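> Sending over a structure as structure tokens; questions will come in a sec.
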Amino acid sequence: MIRTMSLLRALIGTSRLLRHTPRLAAGHPPDDDVLLDAPDGRLGPALVAAALADPEPAAKLLATTRDAEEWEDRDRYVSRLSAFAYRRDGWLEHWLAAAPHDPDALLVKAQLAVRRAWDSPARAERLRDLGPLIEAAAEAAPRDPVPWRLALDHARGAHAGHTAFETLWEQAVRRAPRHYGSHVAALKYLSAQWYGSHRECFDFAEDAAEDALPGSLVQALPVRAAFAQLIAGSDAGHGVAGDRIDAACDRALALSAEYPAGDPWPAEVRNLLVHVLVERGRWHDALAEFGRIGAQATSFPWTLVADDPLRGFLEARTCAVREVARRTPLRAGAAAGPGSAPRSGTFPGARPDAFPESFPRTFPGWEGPAAGRPGRGGSGGHYA
């Protein structure tokens, strides 16, 4: 009897997969249409020009963000431009040669130097040597919080103590109290992987999210704290309860719903959120979030959970499609597509180890998310 029931359940599951998987998969862009870290309309031309060794569009873009005090965009563009210069820096060298005191060129130069130092086996020593470079970028643009976000990333890697870190934090939030990038940097510092704990990290993230403006990415800080705990593994201990992680997901889902589907601005937050939802076994919510992501896959967090980040994204999406199909009754019609399930989408007993074996579970060394005891608000590379 037990064997008969097991065979029957397997048959029903297979029938549901065959019936619903094609329809559910059709609601998402084909694999070949998904792009990793696709630039927005402002950044794209600057990257194309940089590939031709022309720094002028990048210089104009960053000057515009500085003059307009578009700190969130500025932080994101500086990080992307420095990532491009990591492998092709001829355009940056031309820029610095023509304008050695340009505050925007100095900022990209400092961000690039910090990124390279993070990749060195002698990370702490190399980072300590970069203090004057970051100070020069900060002095060149006194109102800009981005050099101070960079200083926070630098301080963490250089093993700065809490007092020194909080001094830098005060400088960052004085310029932009709700700057997302600075909050991410602080969250990383407070994570259990660095100088805090899971609870301290969550407390900071939740306090910042409560104080965030409507639509601010700072509201997603708790889900970054959840990711930090999940990726640390079950041996980390002293973590927060699952219901607190689910509450972080619910807050991030509400934030994501405020933006149009396929919007590149919240793409990284959505990618992070969908990974945590998959970890929690919240398949309906995950599938709906993949619908909002569309073709906007991002390196973070997939570089930290898969050898190939784009493949990791696509496999997670396929997994969500199959799990929702497997749970959808055979007679359910088209209305049972992505987003039609109850809000939480959580099944009884869902837990981080509820993954199907087909989903990658390898977690390389994590460099941590960010949102610390100090503030709210930017971006930043996953190395920091």
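> Determine whether Thr21 is surrounded by 14 or more Cβ atoms within 10 Å (Cβ to Cβ) and either modelled with pLDDT of 95 or more or closer than 15 Å to Ala137 by Cα (or both). Break it down stepwise before answering.
On the way: surrounded by 14 or more Cβ atoms within 10 Å (Cβ to Cβ): yes; either modelled with pLDDT of 95 or more or closer than 15 Å to Ala137 by Cα (or both): no.
No.
Condition check ((1) farther than 28 Å from Ala38 by Cβ; (2) buried (at least 19 other Cβ atoms within 10 Å of the Cβ); (3) polar (S, T, N, Q); (4) within 26 Å of the chain's Cα centre (by Cα)) across all residues:
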{"position": "Ser82", "(1), (2), (3), (4)": "no, yes, yes, yes"}
{"position": "Arg87", "(1), (2), (3), (4)": "no, no, no, yes"}
{"position": "His94", "(1), (2), (3), (4)": "no, no, no, no"}
{"position": "Asp104", "(1), (2), (3), (4)": "no, yes, no, yes"}
{"position": "Lys109", "(1), (2), (3), (4)": "no, yes, no, yes"}
{"position": "Arg128", "(1), (2), (3), (4)": "yes, no, no, no"}
{"position": "Ala138", "(1), (2), (3), (4)": "yes, yes, no, yes"}
{"position": "Pro145", "(1), (2), (3), (4)": "no, yes, no, yes"}
{"position": "Gly157", "(1), (2), (3), (4)": "yes, yes, no, yes"}
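> Would you please list the contacts, defined by Cβ atoms under 7 Å and residues six or more apart or on different chains, that run from a residue in region 99-111 that is within 10 Å of Leu62 (Cα to Cα) to a residue that is among the basic types (Lys, Arg) and in a helix (DSSP H, G or I)?
Here the result reads Pro103/Arg66; Asp104/Arg66, each pair linking region 99-111 to a residue that is among the basic types (Lys, Arg) and in a helix (DSSP H, G or I).
> Which members of region 43-62 meet the condition of being surrounded by 15 or more Cβ atoms within 10 Å (Cβ to Cβ) and in a loop (DSSP other than H, G, I, E, B)?
Of everything in region 43-62, those that are surrounded by 15 or more Cβ atoms within 10 Å (Cβ to Cβ) and in a loop (DSSP other than H, G, I, E, B) turn out to be Asp54, Pro55.
> Could you please give the count of residues in region 263-292 that are more than 21 Å from Gly181 (Cα to Cα) and assigned to a helix (DSSP H, G or I)? Break it down into steps so the answer makes sense when it comes.
In the first step, residues of region 263-292 are kept if they are more than 21 Å from Gly181 (Cα to Cα); the result is 277-292.
Filter again for assigned to a helix (DSSP H, G or I), leaving 277-279, 283-292.
Counting residues in region 263-292 that are more than 21 Å from Gly181 (Cα to Cα) and assigned to a helix (DSSP H, G or I) gives 13.
> Which one of Asp119, Asp89, Asp104 is modelled with pLDDT under 95 and within 24 Å of Ala51 (Cβ to Cβ)? Spell out how you get there, then give the answer.
On the way: Asp89 fails: modelled with pLDDT under 95; Asp104 fails: modelled with pLDDT under 95.
Testing whether each residue is modelled with pLDDT under 95 and within 24 Å of Ala51 (Cβ to Cβ) leaves just Asp119.
> What single numbered condition from (1) at pLDDT below 95; (2) part of a helix (DSSP H, G or I); (3) of a type in the set (A, V, I, L, M, F, W, C) fails to hold for Ala225?
Exception for Ala225: condition (1).
> Given the residues Thr298, Thr346, Thr362, which is the only one that is modelled with pLDDT of 50 or more and polar (S, T, N, Q)?
Thr298
The values are calculated or read from the model by the stated rules, or taken from the named source; none is laboratory data. As the structure is a computational prediction, the values presented were derived from the model and not from experiment. Every residue, glycine among them, receives a Cβ derived from its backbone with ideal geometry; neighbour counts consider all protein chains shown.
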